[in-house]
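Structure first, commentary second.
A short reminder: the numbers here are calculations on the coordinates, not readings from a lab. What you are looking at is a predicted structure, and each value in this text was computed from that prediction instead of being measured. Cβ coordinates were reconstructed from backbone atoms using ideal geometry, including for glycine residues, and neighbour counts include every protein chain displayed.
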């Protein structure tokens, strides 16, 4: 039984009117992928690829319209289930165009690319459109470079490097490994159990993370940031949304924490035995802390400078409109 990644409709509904005004074509991301609705005819087909595939190399997947789901496993093969949807003026024409459209894998020494083989790919205007939803299973130690302009990304159990970008869709990553970079222009990003450093950015969507063992960099232009069970340095910035950072109780390394919010509160739960030089300020809000602070100079209700413990790390917190809570 085939499974398809479902997108978050709420993220994209606010963009429909804007996109329609720009292009005259409404783009909607749903369970069957993301498709332009200018063609009423439709033809669907499935293509399966199963071939030997050694790990420790990078695989790139680009799907302009469609979802990408990747799972790593203890296997030595590459398995791709591609659900292809072709749209044209009629169902019959869509079927004729679909006869010449296939999924292929180009392989080099250290890299492989999954591509759509379309004979009219370079044509400026075509009488059909294509969307592809991918479900991919491959060796766990592979690295990934994924991109979808209109679709969601779901990545599970990948130990190699990971770079994922989607313009309109959410990103969900679980049990991931080295040097993770995730970007969603319009959609949420959800990361669980990351063994190394993580860098996340979303322009219109929430960021939610749990169990990041390395350093964390995250930026949200609109909506909130939540990071739980953090163990490394954190640099977080939110333009319109609150920031909540919760550390694991025991952290051995010296920590550098930088939190900034233009419009939103900041809540920080520090690990035990935390120490740092700190600079904490808010322009329109209050500073509340249950952590003992040693203040340098005069006490100002909206700006504290000093140290916690023996001051080995660094803590900088600033918000323009919102209160700061530290425990």
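List of remarks:
- Of all DSSP beta bridges in the chain, antiparallel share, percent nearest 5: 30
- Residue order, fewest to most surrounding Cβ atoms within 10 angstrom, among 155, 326: 326, 155
- Antiparallel %, DSSP beta bridges [both residues in region 216-327], to 5: 20
- With 0.36 nm allotted per residue and the present C-alpha distance subtracted, the residue 300-residue 111 stretch has 62.4 nm of extension available.
- Label-zone membership for region 215-235, site residue 327, 7 angstrom Cα→C-beta point, backbone N under 19 Å: 225-231
- Rounded if a/c under 1.5, otherwise prolate or oblate - region 176-269, Cα gyration tensor axes: oblate
- Entry for semi-axes √(5λ) of the Cα gyration tensor in Å (calculated from the structure that is shown) out of (1) 49, 21, 16; (2) 45, 23, 12; (3) 76, 18, 16: (2)
- Sorting 113, 76 by the number of Cβ atoms found within 10 Å of their own Cβ, with the fewest placed first, yields 76, 113.
- Multiplying the residue separation of residue 102 and residue 54 by 0.36 nm and subtracting their alpha-carbon distance yields 15.0 nm.
- Overall form of region 216-327 per C-alpha gyration tensor (a/c, 1.5; a/b vs b/c): oblate
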